[in-house]
1. With the requirement that a residue be assigned to a loop (DSSP other than H, G, I, E, B), open to solvent by less than 10 Å² (accessible area, probe 1.4 Å) and more than 17 Å from residue 214 (Cα to Cα), what does the stretch 225-261 give you?
2. Taking interchain pairs and intrachain pairs at least six residues apart, which have beta carbon atoms under 8 angstrom, with the first residue in the stretch 524-535 and within 13 Å of residue 487 (Cα to Cα) and the second of a type in the set (Ser, Thr, Tyr) and open to solvent by less than 90 Å² (accessible area, probe 1.4 Å)?
3. Those residues that are touching a residue at least 60 places away in the same chain (Cβ under 8 Å) and assigned to a loop (DSSP other than H, G, I, E, B), I need them from the stretch 32-62; list them, please.
4. List the strands (runs of 3 or more DSSP E) inside the stretch 513-555, counting only whole elements, that have at least 3 residues being open to solvent by 60 Å² or more (accessible area, probe 1.4 Å) and at pLDDT 80 or above.
5. What's the number of the only condition in (1) open to solvent by 10 Å² or more (accessible area, probe 1.4 Å); (2) more than 20 Å from residue 263 (Cβ to Cβ); (3) not in a helix (DSSP H, G or I) that residue 316 fails to meet?
6. Would you please name the residue that is most open to solvent (accessible area, probe 1.4 Å), looking only at residues in the stretch 63-83 that are in a loop (DSSP other than H, G, I, E, B) and within 30 Å of residue 113 (Cβ to Cβ)?
7. Would you mind stating whether residue 92 is in a loop (DSSP other than H, G, I, E, B) and aliphatic (A, V, I, L, M)?
Amino acid sequence: MKKYTFTLISLLVFVLAALTTSAQECPATCYRLYLHDKALSPYSIFRPQEFLSERAIAKRQRFNIPITTQDFPVNPNYVQQVKTIDQDVRVLASCKWLNTITIYCPNRNSLEQIQQLSCVDSVVPVANYDLSQPIAKQAQTVEPPMASIVKAPQEENYYDYGNGYAQIAIHNGHLLHNQGFRGEDMLIAVFDAGWNSVDTIASFANLYQEGRMWGAIDLVPWRDNVYDGHYHGTLVTSTMAAANQSSLVGTAPKANYFFIRSEEPDMEQLIEEDFWAYAACIADSIGADVINSSLGYTNFADFPQVNNNYWVDMDGQHSIASLAATILGQKGVIVCISAGNDGANEWHYISHPCDAFDVLAIGAADIEGNAASFSSRGPSTDGRVKPDIASVGVSTSCIWPGDILGVADGTSLAGPVAAGLCACLWQALPEKTSHEMMQLIREAGSCFNNPNDSLGYGIPDFYAAYLNNQVGVNEIAPATVEVFPNPCTNILHISNGGAQVQRIEIFSMAGTMVKTFSSSSDLLISLDVADLTPGFYVGKIWMKDGSVSVFKLIK
C-alpha cells in the first residue's frame, strides 16, 4: 500500500453499468454484488439484539436514533443463493447499509450465473486475488526515526507526558485530562493495516491488564492475526493509548479499544474500500463511540482498471467507503479519518473516505500549527471545507515495534491524536450527539471563521470546547470578550466589556508563560506581542466572576 494514511484508492461507483461490463473484460476474481432488497429478511426491528450489541442498542436509545431495515445484515437467503452456484465462492465482506456482499469467485462461468440471480442487481470487479495459493506475507523491518526526550512542565498536569506533551498541549487536551476526562468508558475502534507486537510490548501492557482491549478482527482473507503483518497500527494506536509516564502518554490513555484490519499492506486493490465499509458496519454493531482510520484511497496500483478524478469523485458520493463513512457518522459515531499525504504530489488532494459527510477529515500540522507540506488539500469536489480540522502529524511521538520511542510523519498520526481527544471530550459532554460533537470540534478550530484548504477549520482547542459547552457553567459570552486580530503581528486586542477581565496569560506550546497582564478598567486591552517569535500560543483569560476563557493565538 502507499503508506498508509496514506493514499490508496477508490472507484467510480456512479458508472456501475460500465463497470458491470468491465467485469467481463478485465482480470478480476473478486466482485462486489449489489443485492436487490432485504425482503423476507429473518431479522426484525423488534429483535435488534440479533444484529446489534447491547452497547449499540443503548446508544440508539440514548440519542433517539431509530433502528430500521437499513441496520439489518444482508439477507442470508440471498447470500446462500450466491454461494450455492459454486463451492469455491467465498464471501469476503458485506455492507449492511448499502446492501452489498463482496465475493471471491475465480470461475467466470459461475460469475455469469450469479449475475443472472434475481437477488443481484449489479456486479463491480474489485480485486484480482488468487486465494487458491498461499500469499506470501512480507516481513516488516523498520528503523524508527528517533527524537530527543522532551521534558514538559508538569506542576499542574495529571500526567508527565514526556515526548507527548506538545502534541496534546496544542489542543489543550492535557487540561481535559486534568479535569478527569481521559477516555474512561469510551470505545475507540481503529481501522488499520496491522498492530505488530502491541499484545506483547510493555507500552501497551495496561491496555490488556485493565481489560480495555475489547477485541480484534482481521478482514484480510489470508491473514488471521492483527498483531502480525505490519507496524502501522502500532504507531497509530500509541498516540492514543500509550500511558508511559515521562515517556509518552497518549490522548485517550484510559479508553477501550477494538482493532479491525481492513487494509492489506502489501498490495493496493479496490476491495480495500469494501473492507473499510465492512469495518464501519462492525464498528457500528459493537457500539463504538469513535473510530480512527489512518487509511485513504485515490488510485490502486494493483488494480489499475479503476482510477479517480478529483474533479468528479471526491464528493462523498462515489466511493463505497465514503458512503459507509457518512452513514456511520449518522449512527452515533465520531468518525476521524486521516486526510492523506499527497499535498506535495501530483494528486495533491484529499482521498476517500474523508470526502464523506458527517465525518472529521484530519490534516497534518507541526507543533507550531503550520500546515505540513505533505498533508492532502481540500476542498471536496462539491466545495465543502476539507480537511475539517488538523492535528500534529510532523515528528509526532509514537511507539514503534520493539517498544521504541520514536517519531513519525503523516496525517496517519494527526488523525489518532485528534481521535483520542474526541473520545475524552465526548466523555465530558455525554449529552451531545455525535453530529453535535463533530460540529463543536470544528467550531473550536483555530481558524473557524476563516477556513482554508490545508488546515480546514484549524487546530481545535478541546478544552475551550469543553468550557463553552458545560451545562450550567458560567460562560464568557463572545460579545463580552473578544480576541483580535488572530493571527496577529504586533498588537493583540482583547475587549473588556464591563471591565471584568482580571488576568491574562499567554503560554508557548512548550507550556512556558511568555506574557501576563493584570486587571484593567480599560474597555479595550492592548497587548504588545511584537517580541514573540512567530508560532502558535495558548492564552487564558480569567474573569472577576471566576469564569475562564481559553484561546489559541497565531503570531
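The values are calculated or read from the model by the stated rules, or taken from the named source; none is laboratory data. Bear in mind the structure is a predicted one, so any value in this text is a computation, not a measurement. Virtual Cβ from ideal backbone geometry, glycine too; neighbours counted across all protein chains shown. All accessible areas refer to the heavy atoms of the entire protein, side chains included, with ligands and DNA or RNA removed. Shrake-Rupley method; radii C 1.70, N 1.55, O 1.52, S 1.80 Å.
1. The answer is 229, 230, 250, 251.
2. Final answer for the pair search is 535/508.
3. 36, 37, 38, 51, 52, 53, listed by residue number.
4. 513-518
5. Going through the list (1) open to solvent by 10 Å² or more (accessible area, probe 1.4 Å); (2) more than 20 Å from residue 263 (Cβ to Cβ); (3) not in a helix (DSSP H, G or I), residue 316 breaks only (1).
6. Once the filter is applied, the top-ranked residue is 73.
7. no
Here is a yes/no grid of residues against (1) open to solvent by less than 10 Å² (accessible area, probe 1.4 Å); (2) of a type outside the set (Ser, Thr, Tyr); (3) without any contact (Cβ under 8 Å) to a residue 60 or more places away in the chain:
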position: 391; (1), (2), (3): yes, no, no
position: 407; (1), (2), (3): no, yes, no
position: 412; (1), (2), (3): yes, no, no
position: 418; (1), (2), (3): yes, yes, no
position: 422; (1), (2), (3): yes, yes, no
position: 431; (1), (2), (3): no, yes, yes
position: 440; (1), (2), (3): no, yes, yes
position: 460; (1), (2), (3): yes, yes, no
